[in-house]
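The values are calculated or read from the model by the stated rules, or taken from the named source; none is laboratory data. On a predicted model such as this, the values are computed, not experimentally measured, just so you know. Cβ: placed from backbone, ideal geometry, glycine included. Neighbour counts: every protein chain shown. We work out accessible area using only protein heavy atoms, side chains counted, and drop any ligands, DNA or RNA first. Shrake-Rupley method; radii C 1.70, N 1.55, O 1.52, S 1.80 Å.
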Amino acid sequence: MKKLFVSIFAISLFFSCNKSTKTTTDKALDQKFDKYKDGFVSDLWKINPGWASGVGYHKLDSVLVVPDAKETKAQLDFANAQLDSLKQYDIENLSDNNKTDFQMIKNQLEATIFSFKELKSSEWNPAEYNVCGAFAEILNGKYDAVEVRLRAFNIKMNNIPAYYEAAKKNIKNPTIEHTDLAIAQNIGGSSVFEDDLNAALEQSKLSAAEKKEMQDKAKVSIKAIKDYADWLQKLPNKTPRSFRLGADLYAKKFNFDIQSSYTADEIYKIAVDHKNDLHDKMFVIADKLWAKYKGNAPKPADKLDLIKQVIDKISLQHTSPEKFQSEIEKQIPELIAYVKTKDLLYIDPSKPLVVRKEPAYMAGVAGASISAPGPYDKNADTYYNVGSMSGWTAENAESYLREYNNYILQILNIHEAVPGHYTQLVYSNQSPSIIKSILGNGAMVEGWAVYAEKMMLESGYKNSDEMWLMYYKWNLRATCNTILDNSVHTKGMPKEDAMILLTREAFQQQAEAEGKWKRVTLSQVQLCSYFTGYTEIYNLREELKKKEGDKFNLKQFHEKFLSFGSAPVKYIKELMLSKE
């Protein structure tokens, strides 16, 4: 089950002077539900050991589930049994905190059923089958001695051949795009069983016999992985499924994945209006900067053309391919210092952030990302994965660097690191509710990172016309992500129109636009998470500012908001407005 699961931190417990008195029955029901949650999580890990490992629960690291018909039945039986168990709880008599957990559990279970019975991506997305990442995480982890981790790795390898044989049986008329991705990621990731494994074995104190046994199994594993890629390359696929999801499946997936107070169509319309508003703001700034960057050149009559010409000039200020990662590393401490100086949010100095080259098994979807430890492994490193430009043409590298110019690179680091994803996920791991951590909502996580960008600039970060113009350009990315995703998957938008949206209306470089087109063909709904979450968080803040007036404190808002784990924003709003 390929899904991003994340978590968060509780700064404080919130008590109200007006706290309503709960009846004994209510308290008893709440306690009963707390016990139910413990059992739910325990059973969830037994049936999803890979997910468990991903959130730092390593007792089942040695288990690799074979995705066959038996496994599908087990997942559906689990979901239906748990939904049946939820019926014994009257949600209205639960505490606010448990109401949210109830809704998140119910959503997860119903989403599982939807995935197997309606979406059926296990049939058309061969990229769902890839063991390389899970095995790499065992080698990269610091949660136990290398010998312990290697022995789990060794046992886990036993099921790799059966895993890929089951994958072959599941796949029916796959999309061309997901097939190509599966081939590239599996072949690239197979190095985990060669270079990465051998490096770990050298560091270990395992006996020579154990090392040989693992290396022999690794050869079998590599063969199974490469045979799968070869099988996909030769697969007769005369009627490949379209990568486009279609309006009905898209609307349902949006509701399960985003869990917003908006529908997919509603947030699409809001995004279109927001795009037009950003164009108006950008024109005012670009017109003001024209003489500085274009001298006496005549101004074009077309508003978007004028904006683009100014952006193109500013975008020439960028780093080099060789210094791209080091420039990111240099900026992180600067952002931390700024957040502290402005007293915007507490940042835990004991939680390390490691900037690294993006691993091969992750390549092909996003150029920068965060890999955060789960709530069971809170002290592990958080990785900032940076895509490499190695092997790129000079033209493509230049296009990419203009997109991530000196201004936007800072906004990217705000989004991915401080006070964006890295910061939020540290908070998330401290949430007192394990449910709000492990069932983390992607729209809240991405929405927070997008909100953080604007919040930092509003607070005065690198305040200049250039920075604001580039911020609006960057915010157009989140906005147009929603427009693009909905248009492609429900309205049949062709690539030509998508490229016009991205390059002309969102002012993206050709390389960035090509990458986004690739991404929208490989994912569904996720691109909506940025703008949807951002809109809900920003609106919540403005509502509270209006309500509290002079008593509103930005730092307190941030820390209270983050204390509820990575729950959907609509539930965090209920909790923040509750008197409980």
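A few points about this structure:
- Segment 81-96 and segment 27-53: distance between their alpha carbon centers, rounded to Å: 13 Å
- Reference-scaled alpha-carbon Rg (2.2 N^0.38 Å with N residues) for segment 445-512: 1.27
- Seen from all directions on average, segment 151-306 presents a Cα convex hull projection of 17.7 nm².
- Residue ranges 129-139, 462-472 sort as 129-139, 462-472 when ordered by packing (mean number of other C-beta atoms within 10 Å per residue, highest first).
- Average accessible surface area per residue within segment 459-580, 1.4 Å rolling probe, Å²: 36 Å²
- Fraction of antiparallel bridges per DSSP, the chain only, in percent to nearest 5: 50 percent
- Under conditions of 10 °C and 1.306 mPa s, segment 300-340 yields 124 µm² s⁻¹ as its translational diffusion coefficient, taking Rh as the Kirkwood radius over Cα pairs in the Stokes-Einstein equation.
- Against the compact-protein benchmark of 2.2 N^0.38 Å, the Cα-based radius of gyration of segment 333-465 scales to 1.12.
- Rolling a 1.4 angstrom probe over the protein heavy atoms with all chains in place gives segment 270-369 an accessible area of 52 Å² per residue.
- Listed by chain and number, the aspartates and glutamates whose alpha-carbon sits under 14 Å from that of LYS357, ignoring those within fewer than 8 places in the same chain, are GLU322, GLU327, GLU329.
- Over segment 232-284, all Cα pairs binned in 10 Å intervals from 0 give whole-percent P(r) values of 19, 28, 24, 19, 9, 1, listed from short to long.
- Segment 152-208: translational diffusion in µm²/s, Stokes-Einstein, Kirkwood Rh over Cα pairs, 4 °C, 1.567 mPa s: 94 µm²/s
- Under the Debye formula (equal points on every Cα, no solvent term), log10 I(q)/I(0) of the chain at q = 0.12 Å⁻¹: -1.34
- Measuring only protein heavy atoms, the 1.4 Å probe finds TRP392 accessible over about 100 Å².
- Partners for LYS212 among lysines (Cα-Cα distance below 22 Å; same-chain residues under 8 apart left out): LYS156, LYS223, LYS226
- Percent RCO, i.e. relative contact order, over the chain, from Cα pairs under 8 Å lying at least 6 residues apart: 24 percent
- Within a straight-line Cα-Cα reach of under 19 Å, LYS495 can be paired with the following aspartates and glutamates, leaving aside sequence neighbours fewer than 8 residues apart in one chain: GLU177, ASP180, ASP485, GLU505, GLU512, GLU514.
- Exposure rank, largest accessible area first [GLU403, GLU398; 1.4 Å]: GLU398, GLU403
- In the context of the full set of protein chains, residues of segment 121-201 present 37 Å² of accessible surface per residue (probe radius 1.4 Å, heavy atoms only).
- Packing here is the average count of other Cβ atoms within 10 Å per residue, and on that basis the peptides 76-88, 429-441, 490-502, highest first, run 429-441, 490-502, 76-88.
- Out-of-range pairs (alpha-carbon distance over 30 Å; input LYS46/LYS560; LYS142/LYS573; LYS238/LYS275; LYS473/LYS518; LYS518/LYS573; LYS281/LYS342): LYS46/LYS560; LYS142/LYS573; LYS238/LYS275; LYS518/LYS573
- Given LYS491/LYS516; LYS87/LYS436; LYS27/LYS99; LYS120/LYS169; LYS27/LYS106; LYS27/LYS555, the pairs whose alpha carbons are separated by over 24 Å: LYS27/LYS555
- Surface composition of the chain: carbon and sulfur make up 51 percent of the accessible area, probe 1.4 Å.
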